[in-house]
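The structure appears right after this line, and notes come after that.
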Amino acid sequence: MTNLPRTRSTTTPLEAAVVVTICFGLSIVASLQAVASGFRANGAFTDANLVWLIATEVVLAGAALAFLHMRGFAIASLAPTPTLRGGLAGLALFFGAWLAGWLLVTPFAGGQREQPIEQMMAEASLSMPVIVVMALVNGAFEEVFLLGFLARALRGFGLAIALGVPTLVRVSYHLYQGPLGALWVFAVGMVFATYYARTVQLWPPVFAHVLWDIVPFVFRDN
């Protein structure tokens with residue numbers, strides 16, 4: 001008996017919830033715990049915890065892909081295709097997301113105490129090779145499952161759901177960064193999701209996310 005081609009690219013709410021739980025459940029719980037503790041549990045970025053993040057995301061990605069494969073999802077459709085044109089679009093998307101974040105956060109920044117993410121960045125002790133590998137893995141992991149899977153697979157439920165749910169998930173596991181950090185993430189997530197909804201091109205958001213994970217460490221204050 002010949003197997004049918006796996007071409008399904010839509011999902012059900014339950015299936016989406018399972019993938020979100022696999023990929024981001026632990027991060028959401030840890031982020032909520034950080035908020036509940038008043039961010040006292042936050043520590044500086046180190047090579048060791050970034051390597052742990054890389055390993056964790058590789059394992060979780062494998063588990064999520066295995067689940068989707070068993071469900072008959074078109075796994076190949078989740079792979080971003082790097083191109084020069086897409087890289088240039090990703091560069092523009094990076095700057096557009098940064099501008100959107102700045103415009104959203106600036107009105108609320110006055111008089112705010114130092115945010116947890118600022119302290120974590122200031123105290124970071126990292127090597128560039130680890131930063132680059134983390135950025136490549138993390139950028140692909142988040143955008144493949146938030147946009148390539150979740151935003152695209154939820155499109156049948158309407159644009160608001162396809163944009164809002166991935167952005168809500170994205171913000172929920174970045175709450176450890178503090179209120180202003182969460183606003184930045186919200187702005188970036190909405191820009192990425194809107195771009196993807198209009199173009200269905202995954203590589204530009206992946207590349208923009210990779211830059212987002214590298215540039216702050218390169219230009220942070222020492």
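Just need a number here: residues in segment 153-203 that are closer than 24 Å to G87 by Cα and either charged (D, E, K, R) or touching a Phe, Trp or Tyr at 6+ places or on another chain (Cβ under 6 Å) (or both).
Summing the residues that are closer than 24 Å to G87 by Cα and either charged (D, E, K, R) or touching a Phe, Trp or Tyr at 6+ places or on another chain (Cβ under 6 Å) (or both) in segment 153-203 gives 2.
For segment 168-190, enumerate the residues that are under 19 Å from G43 (Cα atoms), in a helix (DSSP H, G or I) and of a type outside the set (A, V, I, L, M).
S172, Y176, Q177, P179, G181 - these are the residues of segment 168-190 that are under 19 Å from G43 (Cα atoms), in a helix (DSSP H, G or I) and of a type outside the set (A, V, I, L, M).
Against the conditions (1) at pLDDT below 90; (2) buried (at least 16 other Cβ atoms within 10 Å of the Cβ), where does G90 fall short? Just the number, please.
Only one criterion in (1) at pLDDT below 90; (2) buried (at least 16 other Cβ atoms within 10 Å of the Cβ) is unmet by G90, namely (1).
Condition check ((1) surrounded by 18 or more Cβ atoms within 10 Å (Cβ to Cβ); (2) under 24 Å from A182 (Cα atoms); (3) touching a residue at least 60 places away in the same chain (Cβ under 8 Å); (4) acidic (D, E)) across all residues:
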residue	(1), (2), (3), (4)
T56	no, yes, no, no
L103	no, yes, yes, no
A109	no, yes, yes, no
E114	no, yes, no, yes
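Just to check your reading of the model, which residue among I75, I28, I22 is of a type in the set (V, I, T), farther than 27 Å from V130 by Cβ and touching a residue at least 12 places away in the same chain (Cβ under 8 Å)?
Every option except I75 fails the conditions.
In this structure, is I131 over 25 Å from V18 (Cα atoms), in contact with a helix residue (DSSP H, G or I) (Cβ under 7 Å, 6 or more places away or on another chain), surrounded by fewer than 19 Cβ atoms within 10 Å (Cβ to Cβ) and β-branched (V, I, T)?
No: the conditions fail for I131.
Give me the pairs, please: first residue somewhere in segment 139-160 and farther than 18 Å from V185 by Cβ, second residue anywhere and modelled with pLDDT of 95 or more and not in a helix (DSSP H, G or I), beta-carbon distance under 7 Å, and either six or more positions apart or on two chains.
So the pair list comes out as G148/L202.
The values are calculated or read from the model by the stated rules, or taken from the named source; none is laboratory data. Given the structure is predicted, the values throughout are model-derived calculations rather than measurements. Note: ideal-geometry Cβ built from the backbone for every residue, glycine included; neighbour counts use all protein chains shown.
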